[in-house]
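Asks: Sending over a structure as structure tokens; questions will come in a sec.
The values are calculated or read from the model by the stated rules, or taken from the named source; none is laboratory data. Keep in mind it's a predicted model, so treat the numbers as computed, not measured. Cβ placement follows ideal geometry from the backbone for every residue including glycine, while neighbour counts extend to all protein chains displayed. Surface accessibility is based on the protein's heavy atoms, side chains included, excluding ligands, DNA and RNA. Shrake-Rupley method; radii C 1.70, N 1.55, O 1.52, S 1.80 Å.
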Amino acid sequence: LVHDLTGGFKLNIILWILEKSLTVAVTALIIIFQPELRKALEQLGTCALVLATPTAIMAAIGQATKHGVIIKSGEALEKMGKVDTIAFDKTGTLTYGRLDVSDIVVFDEAMSETALLSLTASAEAKSEHPLGKAIVACARAKEVPVMESASFKMTAGRGIFAEIQGRKLLCGSEAFLQENGVSTDASVRSVLEQLRAQGKASVLVADGQNCIGVIALSDVLRPEGKDMVARLANMHTRTVLLTGDHQRTADYFARQVGISEVRAELLPEEKVQAIEALQRENRNVCMIGDGVNDAPALKTADVSVAMGSMGSDIAVDAADVALMSDDISKIPYLKRLSNATVKTIQFSISLSMCINFVAIILSLMEVLTPTTGALVHNAGSCFVVLIAALLYDRKFE
């Protein structure tokens, strides 16, 4: 009140204070006539307020690190506490991402399965996509020749073009082949439907304008996925699956873990659009992924989590949080920790404001002297630090 008074009001308030207490009068004179001292007093009075946020964040980040969760900033931790929607990639996130070739189907009678695997592995040798890497690994494990490509071009999320021994090969999704003028007949589509119904990913292979075969790969769902989704649902957190896989394959894995909202056959830019659509619904979105294709979506989301162990360097760099053990069961833990951090900050700020308010009243009533006032002020700061420190060892389910 004294701080806001100016002009003639200053003299009246000083005269009133002089009648009451010399100590209070001296304090008022300092506040009114010494701007530098007034600024120092204002800064001293906000110590507890200033300490509330950084101490809580430091304690929470310390605990998360003990559990193999690397949080890169306090801002990410606070945003995670406000998240109400979590979007998952499939391969490498809900699944282990350790793809194995399960089926090799040849449509060209003049070609063997080994020859198809050799051509496809040679074309995919320079690819960064998990499907391509798995095909190359399978070929090398079986000691099938992997040849150098004369030219190579990758379309993110779709497929690749490569020239092998004069053959112009296309490897990728059905849509990718159709975009490049390759048609798929009923027999090819029938095989694809059977593979998708089994939850397998398929890579079609075309030589020129002819589809010569398909290589199917199977992945294993992380066993903790279903429990993780159920725990998030109990926390009133919406879960969404965003994947580039075919709709039937995506639906198969979504049913296994209990995710009801699925958006499939998405390109990297379409994943970004899906997240932006959720944000337009006033949702706070967290994106969880591991691959190069996920990096744009990770950057777009309000907060992002990358699989730190097997995730690509680009994805880990783009994310705000990294799971070093690739254990997605830590997601509910991260959400609970973030919620607790936000609540601790809010409580500490409220407590410090109450202590300061009561101290001011007691000072004006001459209950607190300058000495006891200093003790109360420091006690408030200590309380805030102790409350934040409790986060470090708090047990979360």
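Asks: So, in segment 75-96, how many residues would count as being open to solvent by 20 Å² or more (accessible area, probe 1.4 Å) and more than 13 Å from the chain's Cα centre (by Cα)?
Replies: Qualifying residue count for the region: 2.
Asks: Something else about it: Identify the residue in segment 368-382 that is more than 22 Å from Phe347 (Cα to Cα) and open to solvent by 80 Å² or more (accessible area, probe 1.4 Å) and, among all such residues, is modelled with the highest pLDDT.
Replies: Looking at residues that are more than 22 Å from Phe347 (Cα to Cα) and open to solvent by 80 Å² or more (accessible area, probe 1.4 Å), I get Thr371.
Asks: Something else now. For segment 271-284, how many residues are touching a residue at least 12 places away in the same chain (Cβ under 8 Å), within 24 Å of Met154 (Cα to Cα) and surrounded by fewer than 24 Cβ atoms within 10 Å (Cβ to Cβ)?
Replies: Residues flagged as touching a residue at least 12 places away in the same chain (Cβ under 8 Å), within 24 Å of Met154 (Cα to Cα) and surrounded by fewer than 24 Cβ atoms within 10 Å (Cβ to Cβ) within segment 271-284 amount to 2.
Asks: Here is a follow-up. Of all strands (runs of 3 or more DSSP E) completely enclosed by segment 285-336, which ones contain at least 1 residues that are within 20 Å of Leu267 (Cα to Cα) and touching a residue at least 12 places away in the same chain (Cβ under 8 Å)?
Replies: Values: elements: 285-289, 303-307, 321-323.
Those strands (runs of 3 or more DSSP E) span 285-289, 303-307.
One line per residue, one yes/no per condition, for (1) open to solvent by 40 Å² or more (accessible area, probe 1.4 Å); (2) over 16 Å from Phe161 (Cα atoms); (3) over 24 Å from the mean Cα position of the chain (by Cα):
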site	(1), (2), (3)
Leu177	no, no, yes
Ser187	yes, yes, yes
Leu192	no, yes, yes
Gly208	no, no, yes
Val214	no, no, yes
Glu224	yes, yes, no
Met228	no, yes, no
Arg238	yes, yes, no
His246	yes, yes, no
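Asks: Within segment 224-241, is even one residue farther than 25 Å from Asn282 by Cβ, touching a Lys or Arg at 6+ places or on another chain (Cβ under 8 Å) and either among the small types (Gly, Ala, Ser) or part of a loop (DSSP other than H, G, I, E, B) (or both)?
Replies: No, segment 224-241 contains no residue that is farther than 25 Å from Asn282 by Cβ, touching a Lys or Arg at 6+ places or on another chain (Cβ under 8 Å) and either among the small types (Gly, Ala, Ser) or part of a loop (DSSP other than H, G, I, E, B) (or both).
Asks: Kindly check whether there is at least one residue in segment 292-309 that is aliphatic (A, V, I, L, M) and open to solvent by 40 Å² or more (accessible area, probe 1.4 Å). Give the steps one after another, and end with the answer.
Replies: Keep residues of segment 292-309 that are aliphatic (A, V, I, L, M), which gives 292, 295, 297-298, 301, 303, 305-307.
From the residues that got through so far, the ones that are open to solvent by 40 Å² or more (accessible area, probe 1.4 Å) too are 292.
Yes; the residues of segment 292-309 include at least one that is aliphatic (A, V, I, L, M) and open to solvent by 40 Å² or more (accessible area, probe 1.4 Å).
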